[in-house]
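K.L.:
Can you read through this structure? Questions will come right after.
The values are calculated or read from the model by the stated rules, or taken from the named source; none is laboratory data. Everything numeric in this text was worked out from a predicted model, so none of it was measured. Because the Cβ atoms are built from the backbone with ideal geometry, glycine has one as well, and the counts that use them run over all protein chains shown.
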Amino acid sequence: MTPDPNRRWRIPLEADLRHREWDGEHVFFHGAAGDTHRFSEAAALVLLHLMSTPADEADLTALLAEAAEVKLAEAETALSAILAELDRIEYAEPVQ
């Protein structure tokens, strides 16, 4: 997926995501699918943000860059991979 700073993302309405953290490990349960996944700190940060409000890729990139203390270009690359995986497993989706 080509990065687009203006593309907005959200948690699918039917997902009913639940989050738990134990000893720095982030686990999310997708209520509609009945799936549980463990995510990296970066992916968890993105999901937790999206659970509170939809956001565009520019805002998510800035969030990752600040949290990881990396340059925007590095955060953008990581975000692109994170969003592609979250979209694939239906934990996040672009807003149409």
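K.L.:
Name the residues in region 52-68 that are of a type in the set (A, V, I, L, M), more than 9 Å from the chain's Cα centre (by Cα) and part of a helix (DSSP H, G or I), would you?
P.N.:
Within region 52-68, Ala58, Ala62, Leu63, Leu64, Ala65, Ala67, Ala68 qualify.
K.L.:
Filter region 1-26 for residues that are among the aliphatic types (A, V, I, L, M) and either farther than 16 Å from Ala43 by Cβ or without any contact (Cβ under 8 Å) to a residue 12 or more places away in the chain (or both) and give the result.
P.N.:
Correct list: Leu13 only.
K.L.:
Does Asp56 qualify as being in contact with a strand residue (DSSP E or B) (Cβ under 6 Å, 6 or more places away or on another chain), of a type in the set (D, E, K, R), closer than 19 Å to Pro94 by Cα and touching a residue at least 12 places away in the same chain (Cβ under 8 Å)?
P.N.:
Judged against the criteria, Asp56 is a match.
K.L.:
Can we say Leu47 is crowded, with 17+ Cβ neighbours inside 10 Å, of a type outside the set (Lys, Arg) and in contact (Cβ under 8 Å) with a residue 24 or more places away in the chain?
P.N.:
Against the criterion (crowded, with 17+ Cβ neighbours inside 10 Å, of a type outside the set (Lys, Arg) and in contact (Cβ under 8 Å) with a residue 24 or more places away in the chain), Leu47 qualifies.
K.L.:
Here's another thing I want to ask about it. Restricting region 14-38 to residues that are in a loop (DSSP other than H, G, I, E, B) and more than 15 Å from the chain's Cα centre (by Cα), which is surrounded by the fewest Cβ atoms within 10 Å (Cβ to Cβ)?
P.N.:
Asp23
K.L.:
What do you reckon, is Asp4 assigned to a helix (DSSP H, G or I), under 15 Å from Val95 (Cβ atoms) and more than 11 Å from the chain's Cα centre (by Cα)?
P.N.:
no
K.L.:
I'd like the full set of residues that are closer than 17 Å to Glu25 by Cα and either in contact (Cβ under 8 Å) with a residue 40 or more places away in the chain or surrounded by 19 or more Cβ atoms within 10 Å (Cβ to Cβ) (or both), limited to region 59-85.
P.N.:
Ile82
K.L.:
If Gln96 passes every condition in (1) more than 10 Å from the chain's Cα centre (by Cα); (2) at pLDDT 95 or above; (3) not in a helix (DSSP H, G or I) but one, which one does it miss?
P.N.:
If we test Gln96 against (1) more than 10 Å from the chain's Cα centre (by Cα); (2) at pLDDT 95 or above; (3) not in a helix (DSSP H, G or I), just (2) comes out false.
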